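To start, the structure under review is shown below, and the notes come after it.
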Amino acid sequence: MNVKDIYESMEYGPAPEAAGDALAWVVDQGSRFGHFIDGAFTKPGETFETTSPASGEVLAEVSQATSADIDAAVAAARAAQGKWEKLGGKGRARYLYALARLVQKHARLFAVLETLDSGKPIREARDIDVPLVARHFYYHAGMAQLMESELPGRAAIGVCGQVIPWNFPLLMLAWKVAPALAMGNTVVLKPAEWTSLTALLFADICRQAGLPAGVVNIVTGDGAVGAELVAHEGIDKVAFTGSTEVGRKIRAATAGQGKALTLELGGKSPFVVFEDADLDSAVEGLVDAIWFNGGQVCCAGSRLLVQEGVAERFHAKLKARMKSLRVGDPLDKCIDVGAIVHSEQLARIKALVAETDGEVFQTAAPEGCYYPPTLIEGLHTADKLMQEEIFGPVLVSMTFRTPAEAVQLANNTRYGLAASVWSENINVALDVAPKLVAGVVWINGTNMFDAAAGFGGVRESGFGREGGWEGLQAYTKPSGKPKALKLKAPEAGAPELPEGLDRTAKLYVGGKQARPDGGYTRTVWGKSGKAIGQVGIANRKDLRNAVEAARGAAGWSGATAHNRAQVIYYIAENLEARAEEFAARIDAVTGKGGKAEVEAAVSRLFSYAAWADKFGGDLRQVPMRGMALAVREPIGVIGALCPEEAPLLGLISVMAPAIAMGNRVVLVPGQAGALSATDLYQVLDTSDLPGGVVNILTGDHAELAPVMAKHLDVDAVWSFSAADISEVIERESAGNLKRTWVNNGLGRDWEQAEGREFLEQATEVKTVWVPYGA
Ligand code: NAI
C-alpha cells in the first residue's frame, strides 16, 4: 500500500487507548461501591451491575440507595451547609480550584472510565467532556471569588438535590456541582444508573481535595432513588437534567414544597442550512451535531432543514461523509461514533426507526450495542420522528424554500433547546437567529459549550440556565429574612349593589373594557366597613380572552426598548397627574398611606422605564474562535396574581418590569387592589400603550390560578398570592412546563421590591454563538 492508496481508502489501523489504569482503580475500590456520604464511602448495600456497553463486560457493582441512605446524605449536606457558606466565596474558591486541578491531573483516568462506562468515543471524553469539566470548576471558582462583590444581596439556597442523565455523566455532574458549591450550597447528587462510575471517582477526588465532609454527597440508584431525593423535605433546590417526561413528573412532585427548580430537558433541535452556506463546513457541522456522542445529546441537531436549491447537493455530500464515519470500539482513538449507552436505549432507537415510512439511509455498524449513522428523508412535519426526541445517531431531514419557512419549520416543535444556522450571509444568519425559539443558537457552528455561556431551554425543553451569571440565579436566593405574608381577611357583607354606587368596573382586555362573561360582580369593602365599589368577577373564558389579546400584542416584544421606555414614562406621568384620586382610593381601602403608595408606584414606573433599555444582555468570553451573546429576551405572555399587601404599588411592581422587558401581561389584582387596578384603565388608555399589552382581570385568584397555569399560550405564571395558590400553579404548570415564580406564602416589602430580581424573572437568556475574531 502506498501513500496514494492510503489517502484514497482513508483506512486506519486501530489505536486503542489502554483501559488498565481505569480498571485498576475500580478494582482498588473493591469493584463494589457504596454511596459517598459525609466525606466517606458507605459499605455497599443491595447492588446492581454497571457494564461497558461496548464489550458487555461487567465493570463494577453499584449500590441502590435506600431511604435511609438518602436521609443520611441529605442530613450530612444540611449539617455541612452553614459552615461551607460561612467560609465565604474566597474560601470556597480555593476548593473549587483544587477540584479543577485534580480533574486535570486525573484527566486520562476520568476520560477512560467515562468511555468504558458510557460507550462514548475516547476522543470525545478526552478532548471535550473532561476539559469542559475542569473549565467548569475553574470558572466557578472565579464566581465564588467574586460572589460577595458581584452578587450583593444574594445568598446560598441551602441543600441541592441533583439528578443527572447518562449521556454526559461527569460533565453534567460538573454543571450541577460547581455552581452550587461556588454559591455556598451543599449537594446530594444522583448519577444515572447506567453511568455512575465517574461520579464515584469524583467523590474520591473530593476527598483528595480535602473538601469538608458533607459538602458533596453522591447516592447511586435508579429513578426511584431520584424521585425520593427530589421530593425529600430536606432539599431546598432541585436541579434535573434528563427526559421531558421525568422533568414533568418532578415539576408535579415538588409542587408547593417551596423548592427552587431548574429542568434541563429534551430537544429536537433544528440544523438549518441556507443555500448560501459553506456546504462542506455545514456537513462537518452536522457530523458534530448529530453524531457527537452518537446523537445521545439533548441539544443534538437532529432535524436537518436544508434549502431546496442545494438540498440534492447537500444530501449527496452528507451521505458521502456518513460513509466515512467510523463506528466501533469507543476506546479506539480513531473512532467517530462509539457504542449506544445501553441495550435498552439501543432497543428504543431501533423501535422508533422501525416504525417510520420515511426513506432510510444507513451506513454500517458493528454487531453489539451499536447503531449506524442514519438519515431519514421524506417525512411530514407531523411525523413522529420529526417531533420526538430519538436520542441516537438518527437524523431526519426536510427542505424549505424561504427563510420565513425555515423559521416556521424550525419552530414547529414543542421543544426549544438549541438551533444551528448555517449561512455565509451575515444578514440571513442574524435575521433568523432572534426568530428561533431556542435557548441556544449557534451560527455556523454547533454543539459548542462553555461555562461562561448559559445553556438551557424554553418550552418543553425546561427552564433555568446552567453556566454564566444567569446560571447562578438558580443557586442563590435573595439574602435576608422574607417577610410574613399578610393576606386580607375574606370580605364580609351582602353582595348586592350598595346604594349610591351606580357603576361596576369592568375587566380590561385588549385595551378595552369588557363585561365579565359570567355576569357576576363583587362588592369591594372599604376599611371603614362601607362598600366602596363593585368589580366584575372574571372566569376562565375571560382569562382565555385576555391571553388571546396578550398573544395578539406580540408587536410589543418587537418594539424598541426606547419606545417601551417612553410609554412607561408616559404611564408614570399620567398616574402622577391623578395622584390624589388614586391616593384617596387606597386610603379608602387600607385606611392609610395612599399618598406615599402612589408616589412609590410612580417612582417604580420611572425606574423600569429607565431599565427598559439597560438590561439587554452581555457578551461572554468563551475559549473559542467566537463570542457568545447572552441576549435577554422577553418571556412572552406572563400571567400574574398580584399581591394583596399593596393595592397599587404591588400591581405596578409586577406590571412594570414585565412590560419594560417586552412581555405582555394578564394581571389579576388582589382583593384590596381591585379598584385601584380598574382605575388604572384610563391611565393606560391615555399613555399610548398598545391594546393587549396589559390586561387586567378582577377575580378570584384561587379560581383563575389553575386555568392560567394550564393555559398553553401563557409562557410564565407569577404568584404573590396565598401559599396554596403557589402549589396549584406549580402542579398545573407541569403540562407544558411553563416557567413559574411563586412566593410560597412569603410576603415582600413592596417598597423595596424593585430591580434585577424582577428583570431576571421577566427575561430569558438566549445564548447566541457568533464567529468572531481570528
Ligand atoms: P430519564 O430522564 O429517565 O433519566 C435521567 C435521570 O433521572 C436518571 O438519573 C434517572 O435515574 C432519573 N430518574 C428517572 N425517573 C425519575 C423520577 N421519577 N424522579 C427523579 N429522577 C428520576 O432518562 P432515561 O430513561 O435514561 O432516557 C429516556 C429518554 O430520555 C432518552 O431516550 C432520551 O430521549 C431522553 N433523555 C434526555 C436527556 C437530556 O439530556 N435531555 C438525558 C437522558 C435521556
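Quick notes on this one:
- Using 0.36 nm per residue and subtracting the Cα-Cα separation, the extra length available between K83 and K488 on full extension is 141.9 nm.
- Taking a span of 27 Å or more along the helix axis (Cα atoms) and a mean Kyte-Doolittle hydropathy of at least -0.5 as the rule, the DSSP H helices of the chain that qualify are 67-86, 130-150.
- Rounded if a/c under 1.5, otherwise prolate or oblate - the range 192-276, Cα gyration tensor axes: oblate
- The order of V306, V353, going from fewest to most other C-beta atoms within 10 Å of their C-beta, is V353, V306.
- Ranked by the mean number of other Cβ atoms within 10 Å of their residues, highest first, the peptides 138-151, 260-273 fall in the order 260-273, 138-151.
- Taking 7 Å steps out from each Cα toward its Cβ at A723 and S149 produces label points 4.1 nm apart.
- Dipole magnitude (debye, nearest 20) for the chain, charges at Cβ of Lys, Arg, Asp, Glu: 1520
- Relative intensity, log₁₀ I(q)/I(0), of the range 112-157 from a Debye sum that treats every alpha carbon as a point, q = 0.20, 0.22, 0.30, 0.31 Å⁻¹: -0.67, -0.73, -1.01, -1.04
- K350-D618 FRET efficiency (beta carbon distance; Förster radius 41 Å; 0.05 resolution): 0.35
- Distant-in-sequence amide H partners of F33 (H built 1.01 Å from N, under 5 Å): E61, V62, S63
- Within a straight-line Cα-Cα reach of under 25 Å, K323 can be paired with the following lysines, leaving aside sequence neighbours fewer than 8 residues apart in one chain: K4, K120, K268, K333, K350.
- Within the same chain, aspartates and glutamates fewer than 8 places from K384 are excluded, and of the rest, those with a Cα less than 15 Å from its Cα are E355, D357, E359.
- Between E367 and E312, residue separation times 0.36 nm minus the direct Cα-Cα distance comes to 16.7 nm.
- Inter-label distance for M1 and A231, nm, one decimal - labels placed 7 Å from Cα along Cα-to-Cβ: 5.8
- Going from the fewest other Cβ atoms within 10 Å to the most, the residues E367, E597, E727 appear in the order E367, E727, E597.
- Residue among S243, L487, F48 farthest towards the positive dipole end of the chain, charges placed on Cβ: L487
- The slack in the chain from N736 to Q682, taken as 0.36 nm per residue of separation less the alpha-carbon distance, amounts to 16.0 nm.
- Inverse mean reciprocal Cα-Cα distance (Kirkwood Rh) of the chain, Å: 27.6
- Label sites at S31 and A554, each approximated as a point 7 angstrom past Cα along Cα to Cβ, lie 6.0 nm apart.
- Put simply, the amide H of T521, placed in the peptide plane, has neighbours under 5 Å in I537, leaving out anything fewer than 5 places away on its chain.
- Given K176/K237; K512/K710; K83/K190; K190/K766, the pairs whose alpha carbons are separated by over 18 Å: K512/K710; K83/K190; K190/K766
- log10 of Debye I(q)/I(0), alpha-carbon scatterers only, for the range 270-452 at 0.12, 0.14 Å⁻¹: -0.52, -0.72
- Partner aspartates and glutamates for K506 [C-alpha distance under 13 Å; skip if fewer than 8 residues away on the same chain]: D517, D542, D679
Every number here is computed from the coordinates shown, using simple stated rules; none is lab data. Computed from a predicted model, the values in this text were never measured in an experiment. Using ideal geometry, Cβ is built from the backbone for each residue, glycine included, and neighbour counts are taken over all protein chains shown.
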